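Visitor: Can you keep this structure in mind? I'll have questions shortly.
Where a number appears in this text, it was derived from the coordinates with a stated rule and is not lab data. Note that this is a predicted model, so its numbers are computed, not measured. Heads up, the Cβs are rebuilt from the backbone with ideal geometry, glycines too, and the neighbour counts pull from every protein chain shown.
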Amino acid sequence: MATTIDYIISGDPEQAKAVIQEALASQGFGVEVEPSGRWVVARGSKKATMWLGALAGKKQRFTFLLYFYDHNGQLLARLMRETGSGAMGGVIGVSRANDVFAEVDQAVGGLLTQRGILVSANRQE
């Protein structure tokens, strides 16, 4: 089962997306926007993670997904971590993936709050 965090955001959706991208960049994550509009959010090295697992340390690869929806005229941004994220790093890698996901949540939620546009956030396991 995936872990998701839904952020309901007021104001201009494009400005909200720019704030989210800023928060992700502050955590070292890059964004690839797919034709569907879904964001693939990633940091780290695939090769280092494949060869070294959790020993890859700061180079361990983490990938999360971000979907955007209209929610009663407001932007709903759904950040998702798939079950088993970090599994190439074994138990330590999964634990690190959980920690990194929580850090990303804090960065995104914190910056949206600081900018005064976060209406609510809801985490589901």
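Visitor: Find how much the distance from S36 to N122 grows on full extension, using 0.36 nm per residue of separation minus their present alpha carbon separation; answer in nm with one decimal.
Guide: Extending this stretch completely gives an extra 28.6 nm.
Visitor: Give me the one-decimal nm value for the distance between modelled label points at Q27 and Q15, 7 Å along each residue's Cα-to-Cβ direction.
Guide: The two pseudo-label positions are separated by 2.4 nm.
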